[in-house]
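The values are calculated or read from the model by the stated rules, or taken from the named source; none is laboratory data. Computed from a predicted structure; not experimentally measured. We place every Cβ from the backbone using ideal geometry, glycine too, and count neighbours over all the protein chains shown. Just the protein is used for accessible areas: all its heavy atoms, side chains included, with ligands, DNA and RNA removed. Shrake-Rupley method; radii C 1.70, N 1.55, O 1.52, S 1.80 Å.
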2 protein chains.
Amino acid sequence: MANERVSGATVARLPNYLRCLIDLAANGAASVSSERLAELSDVNSATVRRDLATLGITGTRGVGYDVKYLVFQINAALGLNQAWPILVVGVGNLGRALANYGGLESRGFPIRALLDIDAALVGDVVAGVAIEHLDDLDAVVEREDVAMAVIATPAAVAQEVAEKLTAAGIVSILNFTATPISLPDEIEVRRVDLATELQILSFYQQRRTAARGGTGVPLTSAPALSAPS
Amino acid sequence: MANERVSGATVARLPNYLRCLIDLAANGAASVSSERLAELSDVNSATVRRDLATLGITGTRGVGYDVKYLVFQINAALGLNQAWPILVVGVGNLGRALANYGGLESRGFPIRALLDIDAALVGDVVAGVAIEHLDDLDAVVEREDVAMAVIATPAAVAQEVAEKLTAAGIVSILNFTATPISLPDEIEVRRVDLATELQILSFYQQRRTAARGGTGVPLTSAPALSAPS
DNA sequence: TTCTGTGAAATAGTTCACAGCG
DNA sequence: CGCTGTGAACTATTTCACAGAA
């Protein structure tokens, strides 16, 4: 296969390219220039060209890239030419939100199972999927042939759940809780945390406010620091 | 104020340091070495030292950093010495999940308002907050003095909602929909998209599978590409 | 002696700018 | 002629490694 070593930065941009390309295709565009795709994805056009070149994807000089081919190739690079069934552990509000959100199924990640430790929930059907008990994890993984899971439990049990998932054969985990989980290197984990995102926003917002002379916001400001030499 | 220019990479790590430090403090640790904090945060210790130095935070040679002081300083750097009230637009499953998730309130982001366009929802109370109509946005922003908002609507209306938020005076937005929104530079926006995260996981998973000789997974593999010279 | 603070080296990622293909 | 593909310059970020403070 053609891909050498694809940088993390490149990988992170691929889903965005894909989304833009799907829009373009829906609007009937047959080809697209790196310039245009760059504009839609909010990156530099050289970056687009280099990312694609890295994947071994080639365009036509003087014309651009074939939209359909590009979609196919990026899908292939991301491993999306097949659907990846997923399971969701934790059917609280968040788990339900995920189950009812059609965007996963439509983008190639059908939710095949919902698991919880609460026996009272077992058997309830959410978005067409019956909730099963976490104790049956092994059987579920085998039955549905899933390799990816989303953890939507309370943070306190995330690590424990992650270990069970790993033991059951899950190899990629999206952790939606506030605590990071640690697993062997061969398991791929990504964490998404709302509070983290808001805190980052807060940093920039605070800075902006400070730059404006601190109008309005009554910051309990830190004691002045002696700057290091 | 002591902060020169803090890199985005550094800012993104601060919430993680903070979480680790709060754990340490809860366990009674009075001081922490960069080595230990690095280990907990899964980064290199030199990175920790440099990040802190960038913020003007200084430790004690031979000892480490004072945990409580560090928490205070990072909080200050992130602008978290005050609470940032937020509002959530879109009270579907996701909006409800956010409203019921205590992790935001406890980390300094109390949800002060829930807005929706569906008149049938207006007046319902979710997690102690009454749903209001999006048309009343201006009044709500003024009344609650909020500067940050989370968009949890269907993707199709995200852009429109974002513009209304901006017009109403919101300056930081967390976009939880699949489509990016574009706004003037002075508005800070972050997008979190589930499918994007899963696609990134998929890339690494596919690669791992391929490396193992493709056992099991029946990938519709792309036609072999001629590698560029 | 331990652990910070930081020059300097190394690595990663972006962008320019242009030769050259279609 | 327009646009790709890519050397080479540039910028950002990480990491090493060590002088020096407590």
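A point 7 Å from Cα along Cα→Cβ stands in for residue A:92, and the other copies hold the same point at 2.2 nm, listed in rising order. I want to make sure I understand the PRE zone here: with the label point 7 angstrom from the Cα of residue B:6 toward its beta carbon, which residues in the stretch B:101-122 have backbone N atoms less than 17 Å away? Counting backbone N atoms under 17 Å from the label point, the list is B:108-109. Residue of chain A with the Cβ closest to the rotation axis carrying A onto B, and that distance rounded to whole Å: A:97, 2.
Placing a label point 7 Å from the Cα of residue B:138 along the Cα-to-Cβ direction, the distances to the matching points in the other copies come to 6.4 nm, shortest first.
Across chain B, counting alpha-carbon atoms alone, Rg and Dmax equal 22.1, 65 Å. When the Cα positions of A:126, A:73, A:44 are compared along the charge dipole of the stretch A:43-140, A:44 comes out farthest toward the positive end, with charges on each C-beta of Lys, Arg, Asp and Glu. Accessible area per residue (1.4 Å probe, heavy atoms of protein chains only) ranks A:41, B:7 as B:7, A:41, with the largest value leading. Accessible surface area normalised per residue over the stretch A:64-135 is 38 Å², counting heavy atoms of protein chains with a 1.4 Å rolling probe. Distances, shortest first, from the label point of residue A:42 to those at the same position in the other copies read 2.5 nm; the point lies 7 Å along Cα to C-beta. So the label point goes 7 Å from the Cα of residue B:83 along Cα→C-beta, right? Which residues of the stretch B:141-181 then have their backbone N under 14 Å from it? Backbone N within reach: B:144-147.
When only the Cβ of Lys, Arg, Asp and Glu is charged (+1, +1, -1, -1), the dipole of the stretch A:8-78 relative to its Cα centre reaches about 140 debye.
For chain B, give the magnitude of the charge dipole about the Cα centre (Cβ charges: +1 Lys/Arg, -1 Asp/Glu; no others), in debye to the nearest 20.
On the way: 18 positive and 25 negative charges, 283 e Å.
With only Lys, Arg, Asp and Glu charged at Cβ, the dipole is about 1360 debye.
Positive end of the dipole of the protein assembly as shown (Cβ unit charges, origin at the Cα centre): among B:98, B:10, B:199, the Cα lying farthest that way belongs to B:10.
In summary, the aspartates and glutamates within cross-link reach of residue B:164, defined as a Cα separation below 20 angstrom excluding same-chain residues under 8 places away, comprise B:116, B:118, B:132, B:135, B:136, B:138, B:142, B:144, B:145, B:185, B:186, B:188. Share of carbon and sulfur in the accessible area of the protein assembly as shown stands at 50%, probe radius 1.4 Å.
Amide H contacts under 5 Å for residue A:31: A:67, restricted to partners 5 or more places along the chain or on a different chain, H placed in the peptide plane at 1.01 Å from N.
Could you compute the longest span of chain B free of GluC sites (Glu not before Pro) located in DSSP loops and having at most 16 other Cβ atoms within 10 Å, not counting the site residues? Can you show the working numbers first?
Working: sites that count: B:4, B:186.
Answer - B:5-185.
Straight-line reach from residue A:68: taking Cα to Cα under 16 Å and skipping same-chain neighbours fewer than 8 places apart, the aspartates and glutamates in range are A:23.
The radius of gyration of the Cα set in the protein assembly as shown, together with its Dmax, comes out at 23.1, 65 angstrom.
How many Å² of accessible surface get buried when B and A come together, counting both sides, probe radius 1.4 Å, rounded to the nearest 100?
The contact between A and B buries close to 7100 Å².
Residues whose amide H comes within less than 5 Å of that of residue A:178, counting only those at least five positions distant or on another chain, are A:155 (H built at 1.01 Å from N in the peptide plane). For chain B, the membrane-span-like helix rule (DSSP H, alpha carbon extent of at least 20 Å along the helix axis, mean Kyte-Doolittle at least 0.0) picks out B:8-26; this says nothing about an actual membrane. Remark: the protein assembly as shown carries a charge dipole of roughly 1580 debye about the Cα centre, counting +1 on each Lys and Arg Cβ and -1 on each Asp and Glu Cβ.
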